[in-house]
Every structure is written in structure tokens, then in C-alpha cells.
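Structure record follows, encoded as C-alpha cells.
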Amino acid sequence: MSHYAVEIDLDHRNTSHVQVLDLAESAASTGSGKRVLDVGCWTGEIGRILTERGFVVTGIEIDPEAASLAEKVLERVVVADLDATPLTEIVEPGSFDVVIFADVLEHLADPRAALEQARDLLAPGGRVVISIPNVTHGSIRLALLQGRWKTTDTGLLDRTHIKFYSRAGLLELFAEAGYAIEDLRGTTADPLNVEVAIDADLLPDVAVEWVRQQPDALVYQFQLAARPLADGERPPAAPELVEATPADEVRLRDVHTRRFEEVTRSRLATRDHILGIQASANSAQARVGVLSKQLRQARETNKRRRERIERLRGRVAGLEADLVYANRHPVRNFLRRVVRRLRRAAQG
């Protein structure tokens, strides 16, 4: 029997099953009915709850034993392999208000083809609802830092997963398959509180907490509801992701947090010290600039003074020469003075 059989606890909203149920009910309310196709229905637990809420649920399941259990709670179950048979050959096109792929797309060789086929299965106003693991969850990032990629029976690194999606990759997949995403959600979990094997004590002191702070690092799985694009319509921008439980509430505060905070405080203190030194250096540089300007001005003033002194020295030397000449030739100098006075008198 399928090892994916689960019991859904409706009181725990931070699970993909509860989020898928909520999205399916919301999606059905926009359509004309409550006909649901649960692709990969396992033992029918999601369909059982939807049936109790008034939905009519058809299931598709690859595992015959699990399908036999699902038949007891669903209206109809078809045993089929989506990699071998298109959805449109398994069930009648246009006959469902909601098509659910709960943790299914990552197991398919061609998820885009399955989503494109699902468009044909939807009645007018129908929606596709999915859940899918987040390959950028912090646990996988940390495991890869240690060179680890250890598969497990279930979880993020389920050994039967053949496709892996980040948020960007998931949005691209739906845009290429012809959908507009209307509701985007995420269940959350701390990187050190899931099934992925990590030896956190062997990682650098700040690695764990740094990873915790990265975008989507605490999003364990994505869930979304999408509608087919109208003819000629371009995919709109995706809505903001809504966390089933805020990341801060699932984030652990442990020795890695304390180490990160200590290193952060030390770095901030070092930064502040460096900024103080830089401020002092800038102030000193500004003072040097002022002094350099004053020095240039003083040198220019001294230059002008030296030039004036040289001119005065020249005049003094001339006067001294005149005085010496006058002392040596008093009559000649007297006649010259008389001539100069007569010339000035004549000019006057």
C-alpha cells in the first residue's frame, strides 16, 4: 500500500493537506459546483474530508492497493499512471470544478503537460490546486553545504521525486502551462526541525542562522490555487506568499542563533569603530585641506612681500648711487639741477 497515506489533523493549519483543503473549498466557491478530481489521491483522505463537506470527489491513483482503500470513501477511483496516460484520456474533459495535485507534480516526468491537460478537465470558472515541496528550504541548503543529498521515504528529498522547484521555478511552471496564480501559500518549518539530515555542529558558526534569514528558507512546501488564462491573456504577477504559520513562530532560537548574534554584535562594534576612525580621518583630511590653503596663501603673501622688498632695495641702491655721485661732482650736479628747473619753468 502507498506509504503516503496520512491522517489529516484539521486543527494544525501548518500542513499542506489542510492548506490544500482550504484552497479547494475557496476555489470551488468561485465555480458552478463541487466536483473535484483528486490526482494522486493516496487512500482518499483529502477526498473523504471534501466528501463530508458536500463535494463529489473522483480520485486517480497509481497504487492499486491504495486506490482500493480510496474507493471506499470517494465516488470513483481510477488506477492510472499519468506518465503513461494523459489526464484527458482518464476522465472526461470539462467535468470538474477543482483539480487537485497534492504533492504529485514533483513525481511526474512532465508536470507541465499534466497541468496543461488539467486545463481541459476544468469546467468554466474551475481552478487547479496544488502543493509541492520547496527545494530552497533551509534544511536542503544546509545539507548541500555539507555535501549531503540523502533521500528519504517521504519529505523534501523523497527518493521518488524527479522534479524540484523553488518559488521562482514554480511560478514559471504555471505561467508556461497557461495559468494565473490567484492564491499562493506556504507551510513553514525550521531547517533543523525537519527530516533532512544535517550535522549543524560541523557548520560554520553563523551558517545556520544566516540560512534561516534567507528568502523562503523556512517555507517547507508551497500551496497555490490557479485559474486558466483567457485567450491572449498574459500571466499576471503572482500574489504575495501567505505563510500558514509566520516564520518567526517556527524559527528555533538555539546555540546557532546566539553565535550569530554574538558575531553580529562584534561585527557591528568593529564597523562602528571603523566608521569612527574614518570620521576622524575625514575630519583630519578636512583640516589638512584648510591648513594647505592657508599655507598657499601665506606663501603667496610672502612672495609679494619679497618682490616689494627687492623693489625697495633697488630704489635704495639708486639713491645711494646718486648720493655718491653728488658728493663727487657737486658743481656738475648743481648745474644739472638748474637746467632741470629751467626746463620745468619753460614747460610751465
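Would you pick out the residues in the range 50-85 that are at positive phi and more than 42 Å from the chain's Cα centre (by Cα)? Answer for the range 50-85, where residues must be at positive phi and more than 42 Å from the chain's Cα centre (by Cα): there is none. The condition of being in contact (Cβ under 8 Å) with a residue 12 or more places away in the chain, over 30 Å from Ala84 (Cα atoms), crowded, with 19+ Cβ neighbours inside 10 Å and of a type in the set (A, V, I, L, M) does not hold for Ile181. None of Leu268, Leu218, Leu241 is at pLDDT below 95 and of a type outside the set (Val, Ile, Thr) except Leu268.
Scanning the range 63-75 for residues that are touching a strand residue (DSSP E or B) at 6+ places or on another chain (Cβ under 7 Å) and either open to solvent by 40 Å² or more (accessible area, probe 1.4 Å) or closer than 19 Å to Glu116 by Cα (or both) yields Pro64, Glu71, Glu75.
Here's a check for you: in the range 148-170, which residue that is under 23 Å from the mean Cα position of the chain (by Cα) and open to solvent by 50 Å² or more (accessible area, probe 1.4 Å) is farthest from Pro215 (Cα to Cα)? Across the range 148-170, the extreme among qualifying residues is Lys163. Within the range 116-156, can you find the residues that are among the charged types (D, E, K, R) and part of a helix (DSSP H, G or I)? Scanning the range 116-156 gives Glu116, Arg119, Asp120, Arg141. If you go through the range 235-248 and keep only what is touching a residue at least 60 places away in the same chain (Cβ under 8 Å), more than 17 Å from the chain's Cα centre (by Cα) and either over 9 Å from Gly186 (Cβ atoms) or open to solvent by 40 Å² or more (accessible area, probe 1.4 Å) (or both), you end up with Pro235, Thr245.
Is it true that Val255 is more than 27 Å from Ser166 (Cα to Cα) and among the β-branched types (Val, Ile, Thr)? Criteria met by Val255. Just one residue in the set Ala84, Ala113, Ala27 is surrounded by fewer than 19 Cβ atoms within 10 Å (Cβ to Cβ) and not in a loop (DSSP other than H, G, I, E, B); that residue is Ala113. Within the bounds of the range 190-197, is there any residue that is at pLDDT below 95 and open to solvent by 10 Å² or more (accessible area, probe 1.4 Å)? Checking the range 190-197: at least one residue is at pLDDT below 95 and open to solvent by 10 Å² or more (accessible area, probe 1.4 Å). Screening Asp205 against (1) part of a helix (DSSP H, G or I); (2) within 30 Å of His256 (Cα to Cα); (3) open to solvent by 60 Å² or more (accessible area, probe 1.4 Å) leaves a single unmet condition, (1).
Among the residues of the range 30-62, just one is in contact with a Pro (Cβ under 8 Å, 6 or more places away or on another chain) and open to solvent by less than 60 Å² (accessible area, probe 1.4 Å), namely Gly31.
None of Val91, Val78, Val129, Val99 is aliphatic (A, V, I, L, M), in contact with a helix residue (DSSP H, G or I) (Cβ under 7 Å, 6 or more places away or on another chain), modelled with pLDDT of 95 or more and surrounded by fewer than 22 Cβ atoms within 10 Å (Cβ to Cβ) except Val91.
Each residue in the range 212-234 was checked for being open to solvent by less than 50 Å² (accessible area, probe 1.4 Å) and closer than 28 Å to Asp11 by Cα, and 12 of them qualify. Looking across Ala70, Ala84, Ala66, Ala80, one residue alone is aliphatic (A, V, I, L, M) and touching a residue at least 60 places away in the same chain (Cβ under 8 Å). It is Ala66.
The values are calculated or read from the model by the stated rules, or taken from the named source; none is laboratory data. Just so you know, these numbers come straight off a predicted model, no measurement behind them. Cβ sites come from the backbone with ideal geometry, for glycine too, and all protein chains shown count toward neighbours. Only protein heavy atoms, including side chains, enter the accessible area calculation; ligands, DNA and RNA are left aside. Shrake-Rupley method; radii C 1.70, N 1.55, O 1.52, S 1.80 Å.
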